[in-house]
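Scroll down for the structure; my scribbles are underneath it.
The values are calculated or read from the model by the stated rules, or taken from the named source; none is laboratory data. Treat the numbers as computed from the prediction; the structure is a model and nothing was measured. Cβ sites come from the backbone with ideal geometry, for glycine too, and all protein chains shown count toward neighbours.
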């Protein structure tokens, strides 16, 4: 069967940027194409995402890139599917390439948000954005003034802790570990060490979530170049997309039936991607997992199948998810410490796993990494995409 | 600033206008008998559109609770909870009690509450 390969990746530093997202996008696309050794005239497809949740009013983003880089292509799409958007883009690119309709595709995302402090400084002037944030939620949730998913994540984490006897230190330790990972990443938003005491001493935003256990929104950009076998053949740095699956639950944010601390779509996506790839979860050497809160990380590790329900916090404490452990999870620092430009985040996860499988992850390198996993989500983890990646084998 | 909540469909308009009259009700499909929460304009079980309004249980179990940090309607103390109504499902609601006095699994009962900007909402309060 035809396969698709990632042959070029690039990302900006993550933080607060002053540059226009289009400008960040052009530069990161050029860098990814140089990394791939592919000129724009060889690019067959172009897929992108909005520029942010609070600032994403600009349309036709891929079209502008086609003009700026001189790309005449057979696929163009701007995807808006929340946090999953840029992995939906990778998924579509991969399927079109495998189906033989296109030979290559450039996937990019660039995000620049209106900073929350700017909104807090002028509530009236930004009220249209606050109303827009409120209208993400259905009437039965929005009526209570909800403008972020924080309270829903808080309740999921509270129940998870209650059901499995997990204490506050267990969750704080996750934030500390991700910060330790990020200290090895020169492009991460955070470069100061963090302690359990600092996490538990930070402001309680929405109990039980502390400030240091919650991802800030950041700016940044990333790009990924996918090609078919014809263009990839012989590239010793090529990474194969060995399996990929998307799965959604019939929910929008809060599940009106069932357990709020369980996320069935994650397991379905993981199962489908692993089955297609022929690997088992135990084969995964390195993974990037989309947990936007410290308390969500262990739940995601469990839903993906790395650990049994309730067992991830102990595994994390024992060092089983860090350097030297059985699986290195979120070596980039994850959403919490790499930084979280949501529309870009899935591409940042692909960038990290590609660098790991190429052996180009510097101080973060998992020695001998051969099989990697990317997990992304949208909404309140109402939908998930899982990809399994391995090194191309040109025999 | 217009702070009124938006109504996504006719079922939401009807649900909140019934709350103004102290009625806590949802839709039941006259075609197949399925009861929904939240109320629906189309029955997901049979795609029928002929609905009647039936009472929801006024007693429930507190599944989880938190305090909102930033929200546009409910001011501090802004305790938000998830309440399980037997045989119906989970309801996002205001909890009328101090956060510190709550625990998972306690029994709670329905009440109405009018927000500072004049919106009739439901809330639940511990029964003991």
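What are the residues in region A:277-291 that are surrounded by fewer than 24 Cβ atoms within 10 Å (Cβ to Cβ), in contact (Cβ under 8 Å) with a residue 12 or more places away in the chain and in contact with a helix residue (DSSP H, G or I) (Cβ under 7 Å, 6 or more places away or on another chain), if any? Answer for region A:277-291, where residues must be surrounded by fewer than 24 Cβ atoms within 10 Å (Cβ to Cβ), in contact (Cβ under 8 Å) with a residue 12 or more places away in the chain and in contact with a helix residue (DSSP H, G or I) (Cβ under 7 Å, 6 or more places away or on another chain): just A:281. Taken as a whole, the condition of being more than 7 Å from chain A (Cβ to nearest Cβ), within 24 Å of residue B:3 (Cβ to Cβ), surrounded by fewer than 19 Cβ atoms within 10 Å (Cβ to Cβ) and touching a strand residue (DSSP E or B) at 6+ places or on another chain (Cβ under 8 Å) applies to residue B:112. Across region B:41-52, a minimum of one residue is classified as assigned to a strand (DSSP E or B) and more than 12 Å from chain A (Cβ to nearest Cβ).
Scoring residue A:219 on the criteria (1) buried (at least 23 other Cβ atoms within 10 Å of the Cβ); (2) touching a helix residue (DSSP H, G or I) at 6+ places or on another chain (Cβ under 7 Å) leaves a single failure, condition (2). Candidates are the residues of region A:256-272 that are touching a strand residue (DSSP E or B) at 6+ places or on another chain (Cβ under 7 Å) and within 14 Å of another protein chain (Cβ to nearest Cβ); the one that is surrounded by the fewest Cβ atoms within 10 Å (Cβ to Cβ) is A:257. Here residue B:99 does not fit the description of being surrounded by 16 or more Cβ atoms within 10 Å (Cβ to Cβ) and either facing chain A (nearest Cβ under 8 Å) or in contact (Cβ under 8 Å) with a residue 60 or more places away in the chain (or both).
Could you say whether any residue in region B:82-96 is surrounded by fewer than 20 Cβ atoms within 10 Å (Cβ to Cβ), within 12 Å of another protein chain (Cβ to nearest Cβ), in contact with a strand residue (DSSP E or B) (Cβ under 6 Å, 6 or more places away or on another chain) and part of a loop (DSSP other than H, G, I, E, B)? Looking through region B:82-96, none of the residues is surrounded by fewer than 20 Cβ atoms within 10 Å (Cβ to Cβ), within 12 Å of another protein chain (Cβ to nearest Cβ), in contact with a strand residue (DSSP E or B) (Cβ under 6 Å, 6 or more places away or on another chain) and part of a loop (DSSP other than H, G, I, E, B). For region B:1-19, filtered to residues that are facing chain A (nearest Cβ under 7 Å) and in a loop (DSSP other than H, G, I, E, B), the residue that is surrounded by the most Cβ atoms within 10 Å (Cβ to Cβ) is B:5. Taken residue by residue, region A:93-100 has no member that is free of Cβ contacts under 8 Å to residues at least 40 places away in the same chain, at positive phi and surrounded by fewer than 19 Cβ atoms within 10 Å (Cβ to Cβ). For region A:91-113, the criterion of a residue being farther than 25 Å from residue A:291 by Cβ and within 12 Å of another protein chain (Cβ to nearest Cβ) is satisfied by no position. Residues in region A:137-169 that are away from chain B (no Cβ under 11 Å), in contact (Cβ under 8 Å) with a residue 24 or more places away in the chain and either assigned to a helix (DSSP H, G or I) or farther than 19 Å from residue A:259 by Cβ (or both): A:164, A:168, A:169. Among the numbered conditions (1) more than 25 Å from residue A:110 (Cβ to Cβ); (2) surrounded by fewer than 23 Cβ atoms within 10 Å (Cβ to Cβ), the only one that residue A:187 does not meet is (1). When A:226, A:205 are checked against the criterion of being assigned to a strand (DSSP E or B), at pLDDT below 95 and either under 20 Å from the mean Cα position of the chain (by Cα) or not assigned by TED's automatic domain parsing to the domain that holds residue A:102 (or both), a single residue qualifies: A:205.
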